[in-house]
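All of the numbers you see were taken from the coordinates with simple rules; none came from a lab. On a predicted model such as this, the values are computed, not experimentally measured, just so you know. Don't worry about glycine lacking a Cβ; one is built from the backbone with ideal geometry, like all the others, and counts go over all protein chains shown.
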Number of protein chains: 2
Amino acid sequence: MISVFGHLNPDTDAVTAALVYAHLLSRTGTPATAYRLGDLNLETAYVLREVGLDAPELLSSLAAGSPVALVDHNESAQSLPNLIDLDVRYVVDHHKLGDLTTSQPALLRFEPLGCTATLLLKLHREAGLSIEPVDARLMLSAVLSDTLHFRSPTTTDADRDAAAFLAPIAGIDDVAGYAMQMFAAKSNLGDIAADKLLKMDYKVFPFGTQTWGLGVVETTNPAYVFGRQSELLSAMQAEKAAAGLGGILLSVVDILNETNRTLIVSEHEAEVVRAAFGAGTQDNVADLGHLISRKKQIVPALEAHFAD
Amino acid sequence: MISVFGHLNPDTDAVTAALVYAHLLSRTGTPATAYRLGDLNLETAYVLREVGLDAPELLSSLAAGSPVALVDHNESAQSLPNLIDLDVRYVVDHHKLGDLTTSQPALLRFEPLGCTATLLLKLHREAGLSIEPVDARLMLSAVLSDTLHFRSPTTTDADRDAAAFLAPIAGIDDVAGYAMQMFAAKSNLGDIAADKLLKMDYKVFPFGTQTWGLGVVETTNPAYVFGRQSELLSAMQAEKAAAGLGGILLSVVDILNETNRTLIVSEHEAEVVRAAFGAGTQDNVADLGHLISRKKQIVPALEAHFAD
């Protein structure tokens, strides 16, 4: 049995890709089970509730040598802690290739697309498989989530085509309305603890000799997040110290206006974002303008900065 | 313009894959040029002569940031020396994933098949492209070469199917006869210098803290190679010293009888092959029985040995 899972602090693409790919593998003769590596975010919980699916089981460890399929990630810092000891048989991803290695030839599918789901749709077509309505709903939700309903600069024509193909199978007539409901669910943060809010969409990256933590809150209601600014800065300081990070950022992305105002905890982060992005900083907030994609805009600029 | 190339000390799969993939990329709107990273071996020279193609140009360096497509390899030790500084946009390979990283999301296709050409045929089908006769001949030759006409344990059903599909397009009725001509050409080593013979199909691998050089001579005439045993052992000693290797092996694979007798230069290599393969050793020769695949049998056993 192959265990299929997306990255830590899973988002809608990570969770749905695990479900859809496990189903695809099983349908093509390779029994597979989907897992998640963390709590569902509010958007993903909404999507699964609408589809009528339970969340996949939480996974925190696997025995060395277990066969696995990675979706929506490949770097060890974003995976199970003992990834290096697992038998990686399959990877379906749309991120840059990090420190992954395999002990045997494996099946790897990476494409520079907005979303893992777009690649999963392609795999169904290549295998000559019909798309079942539940899978269509999961993949459509992931496309809308990862591309912020086509607002993100990571969006490709293939993502738009995938959504147009999937919507009628998913039985969703008003795609824009459905996307808004997803984003509203994601933004309905209530009294979530500040440390949970920080970690909701959070990834760790090595830059030169430093390790940085990069959180993102994509929301239709940025005022709510900035209303909790001092709590969040404390949570960021605590995480930075506990994890021995070189820096930590929390980008608050206004989905509807496509802007990014990023929380920074010290002058060190402020200097780096000024140098890497030419961003203005004031108090504990950096204005990153329309740089709303961590993958395509934030991480490459920081990598280039630390490579100099 | 994307530069497309296979591994150092190129074999038939590496050279033909560069030609076929450069053509495929160009036909699908991405201008690309094929290169080779070393001299043609005698089999590949025979294949290109039969097809009526010139060898792709020799490439020894590229400027940092140049966009490249890797075929039939992914590890830095088997590629251009400054691979880390190149912009890897595409990889088509059937080996395990080594130390490759990409700076941006890229298109990666890895499948556990006997041959890169089998995957290239799949890419043509996915793109809805007809197979041109020259490409069919190149891909068929690569399948026969890498699988030793389906004798290698790396052979998959997909490789057999690919060859059956390609043969009529390539205009080759007698596939077995054509394979024998390829292998005879490869075995017709004449007065090739011993150091060239060692390096004809030679790859370097990190095992634990050591680096080993693993050469293979696939031949229908092993007696010829063993007739030059003392010269070859001297060339191996010299290479081991010059490259600071922890060990060096030269496997003489009898294609027709599917056996492997491997030259070893010191008691260190003898101990390792006895422990890793349970092989008998006598003087400077280890009997590796029917272990004829470096990729699937030799390298994994050495990795497991040095991991302990």
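Going down the table (A:Lys186/B:Lys122; A:Lys96/A:Lys199; A:Lys122/B:Lys199; A:Lys199/A:Lys296; A:Lys122/A:Lys240; B:Lys186/B:Lys240), which pairs top 29 Å between alpha carbons?
A:Lys186/B:Lys122; A:Lys122/B:Lys199; A:Lys122/A:Lys240
Taking R0 as 41 Å, what's the FRET efficiency between B:Asp174 and B:Ala243 from their Cβ-Cβ distance, rounded to 0.05?
Once rounded, the FRET efficiency stands at 0.45.
With a cut-off of 8 Å between alpha carbons and a minimum separation of six or more residues, what is the relative contact order of segment A:63-182 in percent?
Across segment A:63-182, relative contact order equals 19 percent.
What angle do you read, to the nearest 10 degrees and between 0 and 90, between the alpha-carbon axis of helix A:116-126 and the longest principal axis of chain A?
20 degrees
At q = 0.06, 0.08, 0.09 Å⁻¹, what is the log10 ratio I(q)/I(0) for the protein assembly as shown, with the Debye formula run over Cα points and no solvent?
Debye intensities relative to I(0), on a log10 scale: -0.36, -0.63, -0.78.
Can you list the copy-to-copy distances for B:Pro31, using a point 7 angstrom from Cα toward Cβ, in nanometres, shortest first?
Label-point distances to the other copies, shortest first: 5.4 nm.
What Kirkwood hydrodynamic radius do you get for segment B:2-184 when you take the inverse of the mean 1/r over all pairs of distinct Cα atoms, in Å?
It is 16.2 Å.
So in chain A, what percent of DSSP beta bridges are antiparallel if you round to the nearest 5?
Restricted to chain A, the bridges split so that about 40 percent are antiparallel.
³J(HN,Hα) across segment B:232-248 via Karplus (A = 6.51, B = -1.76, C = 1.60, θ = phi - 60°), whole Hz, x for Gly/Pro?
5, 4, 5, 5, 5, 4, 5, 5, 4, 5, 5, 9, x, 7, x, x, 8
At what distance in angstrom do the alpha carbon centres of segment B:135-151 and segment B:31-57 lie from each other?
Taking the Cα centre of segment B:31-57 as reference, the centre of segment B:135-151 is 15 Å away.
Rank the residues A:Ile131, B:Ile298, B:Ile192 as a footprinting-exposure proxy: fewest other Cβ atoms within 10 Å of their Cβ go first.
B:Ile192, A:Ile131, B:Ile298
State the Kirkwood hydrodynamic radius of chain A in Å, one decimal place, computed from all pairs of distinct Cα atoms.
Kirkwood hydrodynamic radius for chain A: 19.7 Å.
Tell me, B:Phe306, A:Phe110 in order of fewest to most beta-carbon neighbours within 10 Å?
Ordered by Cβ neighbours within 10 Å, fewest first: B:Phe306, A:Phe110.
Principal axis lengths of segment A:22-62 from Cα atoms, whole Å, largest first?
Extents along the principal axes: 33, 26, 11 Å.
So between A:Glu50 and A:Glu271, what do we pick up on full extension, going 0.36 nm a residue minus the alpha carbon distance?
Going from the current span to full extension adds 75.2 nm.
Taking every DSSP beta bridge that has both residues in the protein assembly as shown, what percent is antiparallel when rounded to the nearest 5?
Counting only bridges with both partners in the protein assembly as shown, antiparallel ones make up about 45 percent.
Quote the charge dipole size of segment B:206-296 about the Cα centre in Debye, to the nearest 20; the model charges only the Cβ of Lys and Arg (+1) and of Asp and Glu (-1).
That gives segment B:206-296 a dipole magnitude of about 240 debye.
Using only C-alpha positions, report the orientation-averaged shadow area of the convex hull of segment B:194-307, nm², one decimal.
Average projection, Cα convex hull of segment B:194-307: 6.2 nm².
Per DSSP helix of 4 or more residues, -39500 (n - 2.57); summed, then divided by the residues of chain A. What does that give at 222 nm, rounded to the nearest 500?
That calculation yields -12500 deg cm²/dmol at 222 nm.
Cα-Cα pairs above 14 Å in segment B:205-272: how many percent?
Result: 58 percent of Cα pairs exceed 14 Å.
Once phi is turned into ³J(HN,Hα) by the Karplus curve 6.51 cos²θ - 1.76 cosθ + 1.60 with θ = phi - 60°, what whole-Hz value does each residue of segment A:58-67 show in order, with x for glycine and proline?
After applying 6.51 cos²θ - 1.76 cosθ + 1.60, I find 6, 10, 10, 7, 9, 5, 3, x, 5, x Hz.
Using a Förster radius of 25 Å, what is the FRET efficiency between B:Thr209 and A:Asp87 based on their Cβ-Cβ separation? Nearest 0.05, please.
0.60
Run through the DSSP bridge list for segment A:194-307 and note the antiparallel percent, rounded to the nearest 5.
Beta bridges within segment A:194-307, antiparallel portion: roughly 70 percent.
Helix A:42-51 sits at what angle to the longest principal axis of chain A, using alpha carbons and giving 0 to 90 degrees rounded to 10?
Helix A:42-51 sits roughly 20 degrees off the main axis of chain A.
What do you get for the angle between helix A:12-27 and the principal long axis of chain A? Use alpha-carbon atoms, 0 to 90 degrees, nearest ten.
20 degrees
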